[in-house]
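The values are calculated or read from the model by the stated rules, or taken from the named source; none is laboratory data. Not measured: the values here are computed from a predicted model. Using ideal geometry, Cβ is built from the backbone for each residue, glycine included, and neighbour counts are taken over all protein chains shown. Surface accessibility is based on the protein's heavy atoms, side chains included, excluding ligands, DNA and RNA. Shrake-Rupley method; radii C 1.70, N 1.55, O 1.52, S 1.80 Å.
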Amino acid sequence: MESSRIALPIGTALDRFIKNNQEQFQYASGELSQLLRDIALASKVVNREVNKAGLIDIMGAMGTQNTAGDQQQKLDVLANIRFTRALTKGGEACAVISEESETYVDLNNDGKYVIAIDPLDGSSNIDVNVSIGTIFSIYRRKSPIGKSISEADILQKGEEQVAAGYILYGSSTMLVFTTGFGVNGFTYEPSLGEYVLSHPHMEMPKDGKIYSINEGSANSFSDPVKKYIQYCKDNNYTARYIGSLVADFHRNLLKGGIYIYPATAKDPKGKLRLMYECNALAFIAEQAGGRGTDGKGRILEIQPTALHQRTPFYVGSESMVTKAESF
Ligand code: AHM
Ligand code: MG
């Protein structure tokens, strides 16, 4: 959708941005804006915890595993609690789907929105002081308000997202989001405790020369993926892989590039989760002029059949994703 492009200056606080751009928040009853504020607030708390992770004894594995069998880190658990609590408080959400919870959390029958969230992605990077992120998608519920929620509310296609975003806990902390009217990026100003507009109307370069893939698994990539990687090398592309989806995606959004997590022997359906990792980033990519596919079709058109469903993921600059697909 076309942005109405109200020119707000760099440095505008998130709250002011939301107030001045209400036409970009559909169904204008204020709940979607409030959800975004709640997520922003929770992210500040998580940011504080991420920043002091090296100082206090909250680092390291908790000894429990999440639904996918990954070791849960204490910060993952904390982030999950912070975000779920923030989303529960205002009553806008009827359900939360989280990477850290096996089933969805049923919140409030009067809530209008369903949120899918990966509270802290890239968790293997926590202990080594490398950028990590939060990824979120927001959907309207489909069932009547006041009734209990149904599967149709939970398992929605990515194209039904009304908003999506991520928080990158990096050398600075950023909130990047879309409500379907383009993409805007806000940088956290710690001394003010505010997100301020730093990257208005973000657009992904149509083409790029950065490819991001875990080449350690190359032996088990399909032939087309192998050929595409060879094509990148033959054309002197630059390989950049942090192993933190939000950070890899963010770099490619700014500089032009492609991120690939294909099917591998270990993860025959890909590693990444459709509902709370790929959908949000595919929506943001499209809103910034890029593309997101599973190698066969548009990520946003995949009908999820399970909460923690995985998918191969190709996302980034339009020409690069199209080229990769052509292999
Ligand atoms: P997580 O949800 O357990 O943190 O895993 C997702 C992460 C992504 O951030 C990252 O892009 C990918 O897994 C890295 O996987 P690999 O180590 O196999 O390259
Ligand atoms: Mg994750």
For this session: Can you grab the distance from the C-alpha centre of the stretch 225-299 to the C-alpha centre of the stretch 155-212, Å, no decimals?
Result: 16 Å
Exercise. Running Debye on the stretch 265-327 with equal point scatterers at the Cα sites and no solvent, what base-10 log of I(q)/I(0) appears at q = 0.23, 0.24, 0.27, 0.30 Å⁻¹?
Worked result: -0.92, -0.98, -1.16, -1.31
Exercise. What nm value, rounded to one decimal, do you get for the distance between Lys19 and Glu215 when each label is placed 7 Å out toward the C-beta?
Worked result: 5.1 nm
Problem set entry | Estimated FRET transfer efficiency when R0 is 30 angstrom, pair Asp223-Ser319 (beta carbons, to 0.05) | 0.85
For this session: Between Glu189 and Tyr231, with labels modelled 7 Å along Cα→Cβ, what's the label distance in nm to one decimal, could you check?
Result: 4.5 nm
Exercise. Can you put Ile10, Ile97 in order of accessible area, largest first, using a 1.4 Å probe?
Worked result: Ile10, Ile97
For this session: For the stretch 210-326, state what percent of all Cα-Cα pairs lands in each successive 5 Å bin, counting from 0 Å until the bin that includes the largest distance.
Result: 2, 12, 25, 27, 21, 10, 2, 0
Exercise. Using +1 on the beta carbon of Lys and Arg, -1 on that of Asp and Glu, and nothing else charged, what's the dipole of the chain about the Cα centre, debye to 20?
Worked result: 360 debye
Seminar exercise, completed: Once all protein chains are kept in place, Lys142 shows an accessible area at probe 1.4 Å, nearest 10 Å², of 110 Å²
Exercise. Where both residues lie in the chain, what percent of DSSP beta bridges are antiparallel, nearest 5?
Worked result: 80 percent
For this session: Kindly state, to the nearest 0.05, the FRET efficiency for Arg85 paired with Lys269, given R0 = 45 Å and r defined as their beta-carbon distance.
Result: 0.90
For this session: Under 27 Å Cα to Cα from Lys19, which lysines show up? Leave out anything in the same chain fewer than 8 places away.
Result: Lys44, Lys89, Lys112, Lys142
For this session: Take the chain, drop everything but the C-alpha atoms, weight them equally and run the Debye formula without solvent; then report log10 I(q)/I(0) at 0.06, 0.10, 0.11, 0.15 Å⁻¹ to two decimals.
Result: -0.19, -0.54, -0.66, -1.28
Exercise. Can you name the helices of the chain, as whole DSSP H runs, whose Cα span along the helix axis is 27 Å or more and whose Kyte-Doolittle mean is not below -0.5?
Worked result: 31-51
Seminar exercise, completed: the stretch 14-201: spread of alpha-carbon positions along the three principal axes, whole Å, largest first, is 45, 36, 26
Seminar exercise, completed: GNM of the chain, Cα pairs under 10 angstrom: of Ser171, Ser123, Ser244, the biggest fluctuation goes to Ser171
Problem set entry | Cut-off under 5 Å, modelled amide H: who pairs with Gly185 long-range | Ser198, His199, His201, Met202
Problem set entry | Neighbour-limited loop hits for GluC sites (Glu not before Pro), the stretch 168-249 (at most 16 other Cβ within 10 Å; DSSP other than H, G, I, E, B) | Glu203
Exercise. For the chain, what is the mean residue ellipticity at 222 nm derived from helices alone (per DSSP H run of n ≥ 4: -39500 (n - 2.57); sum divided by total residues; nearest 500 deg cm²/dmol)?
Worked result: -8500 deg cm²/dmol
